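S.K.: One structure, as C-alpha cells, below. Some questions next.
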Amino acid sequence: MEIKILPSLLAADIGHLADGAKMAQDAGADGLHIDIMDPHFVPNISMGPAVVEMAKRVVDIPLSVHLMLSRPDQMISNFVEAGADSLLIHVEAECDIAVELERIREKGVRPGITLNPETPAEMILPVIDRVDEILCMTVHPGYGGQAFMSQVLPKIKQLRNFADSRSSSQIDILVDGGVDLQTAPLCAANGANVLIAGTSLYRASDMAADVAAMREKAKQSLATQTG
Ligand code: DX5
Ligand code: ZN
C-alpha cells in the first residue's frame, strides 16, 4: 500500500499561507491537509473556505479538508466549491453522517470519516462502505503541536483490519496529530498509510528531506508489518 505524506497547513506561518501551501508542494508532499474548526466542536477556530480556494489556486497537489465542525452538513457545498479533493467529517458530528458522506461522493469528492481519540473503532462500521478514507485522530483535535497519543495505536490496527475485510479494500487509513519521524513508523506498522503532520514538517529545517525520510521510514515499517 502506498504511503502518503500530507503536511498540515495549520502549522504554516499564518501571515504567509500561500507560501506555506507551496512549500508543501515543493517538498514533494502527496497532498495538503487543511483544518477547518468551529468552537462548538473543538475549543478553537481556524480557517474557512477562502483558504481552501486560495490553496487550490497556488498548488496542484490534492487538498485534504478536515471538517472539525458540529454541523458539517451546513458547509459541505462551500468546501466542494472551494476545491476540496477529499472531505473528512467526524463520526461525532451532529448530522446524518451516512447522508452527508453520500452527498460528498455525489459531488465527486472523496468522502472520509474521522474519529476522536476516545471514540471506539466500531462507531464507523455503519458507514464503512461509504468512505474512501478513515482518519484516526492521534491527539484531541483543536490545536497543532500536541503530543502523539500512543494509546490510539491498537485502534489504528483495528481500523485497518475493518478496512481490509471489505471487498473494496482501497480505503486509506489516515493519522493526524503529533506525527513526526519517530511516531510515523509506529502508525505505519499498525496499518496507517496516510500520515498528516503539521508541526514536525513545518518546523523542519528542510521539509523536503523530512517528507522523504518520513515516507521511507513508514514504508519500511509497513513492509515489516505485512511481511
Ligand atoms: C488538529 C489538526 C491537525 C493538526 C496536526 O486539530 O486536525 O491536522 O494540524 O498538527 P500537529 O502535526 O502539529 O500535531
Ligand atoms: Zn487535521
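Read-outs throughout are calculated quantities, based only on the coordinates presented, and are distinct from any laboratory measurement. All figures in this text were calculated on a predicted structure; none of them were measured in a lab. Glycine gets a Cβ as well: all are built from the backbone with ideal geometry, and neighbour counts include every protein chain shown.
S.K.: Would you work out which of PRO39, MET23, VAL99 lies farthest towards the positive end of the dipole of the chain? Charges go on Cβ: Lys and Arg +1, Asp and Glu -1.
M.R.: MET23
S.K.: Moving on to the next point. Please work out the ratio of the alpha-carbon Rg of the chain to 2.2 N^0.38 Å and round it to two decimals.
M.R.: Numbers: Rg = 15.9 Å, N = 227, 2.2 N^0.38 = 17.3 Å.
So the chain has a normalised radius of gyration of 0.92.
S.K.: Compute the signed sum of charges (Lys and Arg +1, Asp and Glu -1) over the other residues within less than 14 Å, Cβ to Cβ, of LYS107. Before the final figure, lay out each step's value.
M.R.: On the way: positive: ARG103, ARG105, ARG110, ARG130; negative: ASP73, GLU81, ASP85, GLU100, GLU102, GLU106, ASP132.
That sum, taken over residues with Cβ under 14 Å, equals -3.
S.K.: To the nearest 0.05, what FRET efficiency results for ASP96 and GLN151 with a Förster distance of 22 Å applied to their C-beta separation?
M.R.: Numbers: r = 30 Å, r/R0 = 1.38.
Efficiency at R0 = 22 Å is approximately 0.15.
S.K.: Counting only pairs 8 or more residues apart or on different chains, how many lysine pairs in the chain have their Cα atoms under 20 Å apart?
M.R.: Within the chain, the lysine pair count is 11.
S.K.: Once label points are set 7 Å from the Cα along Cα→Cβ at both ARG71 and ALA213, what is their separation, rounded to one decimal in nm?
M.R.: Taking the simple label geometry, ARG71 and ALA213 are separated by 4.5 nm.
S.K.: Most mobile of LEU174, LEU17, LEU115 per a Gaussian network model of the chain (Cα springs, under 10 Å)?
M.R.: Greatest mean-square fluctuation among the candidates belongs to LEU17.
S.K.: Related question: Between ILE45 and ILE14, how many nm apart are label points set 7 Å from Cα along the C-beta direction?
M.R.: Placing both labels 7 Å beyond Cα along the Cβ direction yields 1.1 nm.
S.K.: Sticking with this one: Grab the other residues whose beta carbon is less than 9 angstrom from that of ALA27, score K and R as +1, D and E as -1, and report the net. Before the final figure, lay out the partial values.
M.R.: Values: positive: none; negative: ASP26, ASP206, ASP210.
So the surrounding residues net to -3.
S.K.: In addition: Taking GluC sites (Glu not before Pro) as candidate sites, keep only those in a DSSP loop with at most 14 other Cβ atoms within 10 Å, then name the longest stretch of the chain containing none of them. Mind dumping the intermediate values first?
M.R.: Details: sites that count: GLU2, GLU94, GLU118.
No qualifying site falls inside 119-227, the longest such stretch.
S.K.: Between ASP164 and VAL58, what is 0.36 nm times their sequence separation minus the Cα-Cα distance? Round to one decimal in nm.
M.R.: Working: separation 106, 0.36 × 106 = 38.16 nm, distance 3.53 nm.
Taking ASP164 through VAL58 to full extension adds about 34.6 nm, to one decimal.
S.K.: If the chain between ALA223 and ARG105 were fully stretched, how many nm would it gain, using 0.36 nm times the residue separation less the Cα-Cα distance?
M.R.: Numbers: separation 118, 0.36 × 118 = 42.48 nm, distance 3.12 nm.
Additional length available on full extension: 39.4 nm.
S.K.: Separate question: Could you work out how far apart the two model spin labels at ARG203 and GLU122 are, taking each label as a point 7 Å from the Cα in the direction of the beta carbon, and quote it in nm?
M.R.: The modelled label-to-label distance comes out at 3.8 nm.
S.K.: When the dipole is taken about the Cα centre of segment 2-142, and only Lys, Arg (+1) and Asp, Glu (-1) are charged at their Cβ, what size is it in debye, to the nearest 20? If you can, show how the numbers build up before the last one.
M.R.: On the way: 10 positive and 23 negative charges, 54 e Å.
Dipole size: approximately 260 debye.
S.K.: With a cap of 15 neighbouring Cβ atoms within 10 Å, and only residues DSSP puts in a loop, list the trypsin sites (Lys or Arg not before Pro) found in segment 151-227.
M.R.: Values: sites: LYS155, LYS157, ARG160, ARG166, ARG203, ARG215, LYS217, LYS219; in loops: ARG166, ARG203.
Passing both the DSSP loop test and the Cβ count: ARG166, ARG203.
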